[in-house]
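Encoded as structure tokens, the structure appears first; notes follow it.
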Amino acid sequence: MKRSFYVTTPIYYVNDLPHIGHAYSTVAADAFARYHRLSGDDVFFLTGTDEHGQKVAKAAAAKGLDPQTHVDRMVAPFKELWQRYSISNDDFIRTTEDRHRVVVQEIFQRLFDQGDIYKGVYEGWYCIHEETFWPESQLKDKNCPECGRPVELIQEESYYFKTSKYQERLLKYIDANPDFVRPDVRRNEVVSYLKSGIQDVAISRTTFAWGVPVPFAEGHIVYVWFDALINYLTGIGYLQDDERFKKFWPPVHIIGKDIIKFHAVIWPSMLFALGLALPKTIVATGFWTLGDQKISKSRGKVIDPNQLADELGVDAVRYFLLREVPLGQDGEFTHTGLVRRVNADLANDFGNLLHRTLPMIGRYREGVVPLAVPEPRKAAALAESAAEVIANFKADMEALDARGALTEIWRLLAVANKFIDSTQPWNLYKEGRNDELDEVLWGLAETIRLVALMTAPFMPTTADKIFEQLGLDAKPADQPYEDYLVWGKLTGQLKSRPGAPLFPRVELEPEE
Ligand code: MSP
């Protein structure tokens, strides 16, 4: 039976241009989506933009634009960036779309009708930047405890959602499903938050108008987070395409650690109220920091993903983001760190294997990859390492551990590079030991094919080029893992087509 895999990114606020932090969660989700497609699963990968709320309205006003014109303009740089970054999303959802508005309104109405939403008055603090209500007791030095910015006092009539009703049930669920929130540090945070006793959340606003109107209450618009979380339902056809919805629900959410409470407390409570299954898992990534501060446009600390791609190429940046730090941890972003890793891992380890092997096939075998060897003797150890790495790679990717998977692939690259040194194909050639030479060259070419297949989720364009250089007419996408991520599938006398180096070394600026 085919498995279904539904993966999502956060939907990004369109108050400003996308930066490297946004690219991070999107590239991670893309790698998992691609891995599952290659594994033969039915995949749906959703990303999009969060277009309502005070923060976006404020950004529009600052430019003298009406909010709709502003969001229509701002969505373009996101879509363009994802295209440039080889993001293979199946849909792109915007919260200002009709298909989304109707679902938000229907859910609001339904939860109201069943008594999960009630009317009250909100009196307390609000952080526009985080789009979060804060009780006075949680403020830090009178500022937003999350971002440190000033908060504003608001008092307005508001509808509330009975989050508190689901507190116990959610605690039990998390206890019974330890992988529901990852990594552990975030699960513990959520558990202690739940245990401290949670309040019902205000889910409508009346003091500005940029949002989905509450269907039955004039003057109320839906709170931006209540609206935004529902994108995960709309995007997969909830209430609109039953077949698709049934096939793919529940999702895997990739988010940032800053928005864990919305995803692991409010969102599951909404799903309980709707009688829907909770997400399979919520993976909270850490932050990229610059000088220990979170990279964010409003802090004036940005890394422009387009500029990085201009300098190093998209695949190198994708690789770095997922290789440098484990998904849950923070990472300091430095240009030197990026260039060093690209040089060491891509130009050296990966590049060397490719750019030593193909020219040898050129020199000693007129560019023709020798035929598969039925019983490898010299390459037996290589075959064994490959089998082990493939098994670990799969286990890591299933567990959403991208860094672990990449580390495994690089283990195989190291073994293969050593294999060249120890077998010394140039001597085999000189001494006319043709069978052994064929076996060594074939073993290396086969390793390169397997490495390309495993790196395809991370560096899709590079993987395509490697297949091309090996002389394969197929693309990695035509070689599903079940049948092809197996040692010994490189057959036929391929005419290799060596090309330009895939990863040229990058010079560091003198002051780096
Ligand atoms: N719109 C909400 C999400 C709604 S999801 C139903 C939102 N948007 S955001 O644009 O402000 O940020 C979205 C995500 O971007 C963060 O959760 C995080 O995943 C990512 N990042 C933003 N800055 C980041 C870093 N400096 N480093 C890593 N990722 C960070 O929150």
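The values are calculated or read from the model by the stated rules, or taken from the named source; none is laboratory data. These numbers come from a predicted model, not from an experiment. When we count neighbours, we look across all protein chains shown, and the Cβ atoms used for this are built from the backbone with ideal geometry, even at glycine. For the accessible areas, the whole protein counts, side chains as well, though only heavy atoms, and no ligand, DNA or RNA atoms are used. Shrake-Rupley method; radii C 1.70, N 1.55, O 1.52, S 1.80 Å.
Each principal axis of the Cα atoms in the chain has its own extent, and those three values, largest first, are 88, 55, 39 angstrom.
The charge dipole of the chain, taken about the Cα centre with unit charges on the Cβ atoms of Lys, Arg (+1) and Asp, Glu (-1), comes to about 300 debye, rounded to the nearest 20. Evaluating 6.51 cos²θ - 1.76 cosθ + 1.60 at θ = phi - 60° for every residue in segment 276-286, the Karplus couplings come out as 10, 5, 6, x, 4, 7, 10, 9, 9, 7, x Hz, glycine and proline recorded as x. Counting pairs of Cα atoms in segment 335-484, how many percent are more than 29 Å apart? For segment 335-484, the share of Cα pairs beyond 29 Å comes to 15 percent. Taking only alpha carbon atoms, segment 1-130 gives an Rg to Rh ratio of 1.04, where Rh is the Kirkwood radius.
Charging the Cβ of each Asp and Glu at -1 and of each Lys and Arg at +1, and nothing else, the dipole of segment 335-484 about its Cα centre rounds to 640 debye. Ordering of 1-13, 136-148 by packing is 1-13, 136-148, highest average first (other Cβ atoms within 10 Å, averaged per residue).
Taking the protein heavy atoms of segment 16-121 in the context of the full set of protein chains, the accessible area attributed to carbon and sulfur is 48 percent at 1.4 Å.
For segment 163-241, what is the accessible area per residue in Å² when the probe is 1.4 Å?
43
With a cap of 10 neighbouring Cβ atoms within 10 Å, and only residues DSSP puts in a loop, list the GluC sites (Glu not before Pro) found in segment 345-420. Within segment 345-420, the qualifying GluC sites (Glu not before Pro) (loop, at most 10 other Cβ atoms within 10 Å) are Glu366. Peptides 483-489, 90-96 ranked from most to least packed give 90-96, 483-489, packing being the mean of other C-beta atoms within 10 angstrom over each peptide's residues. Excluding ligands, DNA and RNA, the accessible surface per residue across segment 335-484 is 40 Å² with a 1.4 Å probe. Span-like helix criteria (full DSSP H runs; alpha carbon extent of at least 18 Å along the helix axis; mean Kyte-Doolittle hydropathy of at least 0.0) are satisfied in the chain by 20-38, 380-398, 402-423, 434-455.
In debye, nearest 20, what is the charge dipole magnitude of segment 46-182 about its Cα centre with +1 on Lys and Arg Cβ and -1 on Asp and Glu Cβ, if you could check? Show your work: numbers first, answer last.
Numbers: 19 positive and 24 negative charges, 43 e Å.
Computed about the Cα centre, the dipole is about 200 debye.
When a 1.4 Å probe is rolled over the protein heavy atoms, the share of accessible surface on segment 335-484 that falls to carbon and sulfur comes to 47 percent.
Okay, which of segment 12-29 sit inside 20 Å, backbone N to the point 7 Å along the Cα-Cβ direction of Asp66? What the label zone holds, given the 20 Å backbone N cut-off, is 14-15.
Round to the nearest 0.05 the FRET efficiency obtained for Asp330 and Lys475 when R0 = 41 Å and r is the Cβ-Cβ distance.
Efficiency at R0 = 41 Å is approximately 0.70.
Put the Cα centre of segment 115-134 next to the Cα centre of segment 390-420 and the gap is 46 Å. Considering only beta bridges that DSSP places wholly inside the chain, some 50 percent are antiparallel. Rg and Dmax, both from the Cα atoms of segment 135-236 and both in Å, are 16.2, 43. Compute the label zone of Asp242 within segment 89-104: residues whose backbone N is under 18 Å from the point 7 Å along Cα-to-Cβ. Under cut-off, by backbone N: 103.
Once C-alpha pairs closer than 8 Å and six or more residues apart are averaged by separation and normalised to the residue number of the chain, the relative contact order reads 16 percent.
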